[in-house]
Amino acid sequence: MAALSSPLRVCRGILKELRAIHGPTYNRSLAYNYVMDQFRKNKQVTAERYCRAQDEANHDSHTYLCLLASSRTHQALHNLYHVKGECSTAQAASMVGLRLPTQPGGKGWEN
């Protein structure tokens, strides 16, 4: 299993994603308050006991960061490639960076 990032780095990543979603008023959202409360609640570890709940919270926060980043990327790709209505084969090919083949020898039907 890959090592998880530090809790501070994950917290900053989640706040960055929330800022991208909510804009400059992200720190007044319910999601911001919940995330900060959870990080504050799980940051204390005592020397007498091993806190398994903290590791679970760290894993959950890393998973949530991955979900937020993946959702943002998916939305950006959807907005880029989603077309309203039908498009021609040439337009669809050019949208993904391809060209339609031309007939060698000049049969007269290609442009």
(Q) Every residue in segment 80-102 that is surrounded by 10 or more Cβ atoms within 10 Å (Cβ to Cβ) and in a helix (DSSP H, G or I), please. (A) Tyr81, Ala90, Gln91, Ala92, Ala93, Ser94, Met95
Q: Determine whether segment 19-41 contains at least one residue that is modelled with pLDDT under 90, among the charged types (D, E, K, R), open to solvent by 50 Å² or more (accessible area, probe 1.4 Å) and outside any helix (DSSP H, G or I).
A: no
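The values are calculated or read from the model by the stated rules, or taken from the named source; none is laboratory data. As the structure is a computational prediction, the values presented were derived from the model and not from experiment. Cβ sites come from the backbone with ideal geometry, for glycine too, and all protein chains shown count toward neighbours. Note: areas computed on protein heavy atoms with side chains; ligands, DNA, RNA excluded. Shrake-Rupley method; radii C 1.70, N 1.55, O 1.52, S 1.80 Å.
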